[in-house]
Amino acid sequence: MRVAVLGATGAVGRTMLSVLEERCFPADELVLLASERSAGARLRCLDREWPVQAVSARAFENCDVALFSAGGSRSREWAPLAADAGAIVIDNSSAWRMDPEVPLVVPEVNGARAAAAPKGIIANPNCATIQLVVALEALRRAGGLQRVVVTTLQSVSGAGHKGLAALEAELRDQTPTETPFVARIAHNVLPYIGPRARDGWNEEEEKIRLETRKILELPELPVSATCVRVPVRVGHSISATVELERGLDMQQIASAFDAMPGLVFCRQSDPLPVNAAGQDDVYVGHVRIDHDVPNTLHMWVVGDNLRKGAATNAVQIAETLGHV
């Protein structure tokens, strides 16, 4: 099998290579693609080094799968060309997520949707959405969903290498050469992730609302999010309030979480992003049944945004396609 990776030198791209190797993905050849600036570099994966080349339409010829993590504009430009060349594109940007002809897939939740991709493109959801819907699906199967309200605490690596570099510089009391953040991130929290619309909701908050509905196939589900950037290197955390159709006791909630693939219910201690970093599971804990609002619970959900929130989920989608 021939696998292309667009954005191979970025934070998620490099993590994709690590995940391909760790999961013994059966690729006979890797085609590593990036901007002209990165062309000529060499990256190691699957027990050998591979050259990085500038992206071109010819690079996708004879590729079975193309993993994309190079931003929305590049995805809109190159994904149709890669699909026309015969590759199944698994795209990590937001470019195709809400296209009705493009499945939006979290394998533990709706993996069967990957089988029908009329445009040859499958979308990888937003990093926070992925970990949220894994936990929500467990509850949906047990008690149904009525309403979801979340606050996300998202690490700087969600903004790529520039986000990590900005935090590191500020922790040294230096001014970053460039930053993706609207204000200082070190020792601070920023309720800004993406542009803010006229009605006050920022882009990330709308992504979580719309993507959660699409993945769960609940187009009318009330979902609202407050998205916050925090000075954590890797690992997103989510505080979620979930109103269920049917009330569940703690034993039923625990059983629902235990039965959900890819989800670890932490009974003894609450999950922390520092412990989730480097892991592929989603972790849920600090679960409380509301004292005052019927059929409502509160939970804390943590995951590695570079792995399950991006690279691992993309590779898992590739594994569902029948090539493996």
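Computed as a quarter of the hull surface, the mean projected area of the alpha carbon convex hull for segment 250-324 stands at 6.3 nm². Taking all protein chains as they are arranged and a probe of 1.4 Å, the heavy atoms of Tyr192 leave approximately 100 Å² accessible to solvent. For segment 100-203, evaluate the Debye formula with one uniform point scatterer on each Cα (no solvent term) and list log10 I(q)/I(0) at q = 0.14 Å⁻¹, rounded to two decimals. Calculated log10 I(q)/I(0) at the listed q: -0.78.
Modelled this way, with points 7 Å down the Cα-to-C-beta line, the labels at Ala39 and Trp201 are 4.2 nm from one another. For segment 1-68, the equivalent ellipsoid derived from the alpha-carbon gyration tensor has semi-axes of 17, 14, 10 Å in decreasing order. The magnitude of the dipole of the chain, with charges of +1 and -1 set on the Cβ of Lys/Arg and Asp/Glu and taken from the Cα centre, is near 420 debye. In segment 140-179, the ratio of gyration radius to Kirkwood radius, Rg to Rh, stands at 1.38 when only Cα atoms are counted.
With the convex hull of its Cα atoms as the shape, segment 189-230 has an orientation-averaged projected area of 3.1 nm².
Counting only protein chain heavy atoms and rolling a 1.4 Å probe, the accessible areas of Arg140, Arg213, Arg14, Arg198 rank, largest first, as Arg198, Arg14, Arg140, Arg213. Values of log10 I(q)/I(0) for segment 89-134 across q = 0.20, 0.23, 0.27 Å⁻¹ run -0.56, -0.74, -0.99, by the Debye formula with one identical scatterer at each alpha carbon and no solvent.
Geometric descriptor of segment 1-150, per residue, is 123 Å³ (volume of the convex hull of the Cα atoms). With 0.36 nm allotted per residue and the present C-alpha distance subtracted, the Ser73-Gln146 stretch has 22.7 nm of extension available. Projected onto its three principal axes, the C-alpha set of segment 142-291 covers 52, 39, 28 Å, listed from the longest axis down.
Using bins 20 angstrom wide from zero, how does P(r) for the chain break down, in % of all Cα pairs? In whole percents, the pair-distance histogram is 33, 58, 10, 0. Normalising the average separation of contacting C-alpha pairs (under 8 angstrom, six or more residues apart) by the number of residues puts the relative contact order of the chain at 19 percent.
Mean projected area of the Cα convex hull of segment 33-105, taken over all directions, amounts to 5.4 nm². Placing unit charges on each Cβ (+1 for Lys and Arg, -1 for Asp and Glu) gives the chain a dipole about its Cα centre, and among Val89, Asn305, Gly200 the Cα reaching farthest toward its positive end belongs to Gly200.
The values are calculated or read from the model by the stated rules, or taken from the named source; none is laboratory data. Small disclaimer: the values here were computed from a predicted structure and weren't measured. Glycine also receives a Cβ, built like all others from the backbone with ideal geometry; neighbour counts cover every protein chain displayed. To get the accessible areas, we keep the full protein, side chains included, count just its heavy atoms, and leave off ligands, DNA and RNA. Shrake-Rupley method; radii C 1.70, N 1.55, O 1.52, S 1.80 Å.
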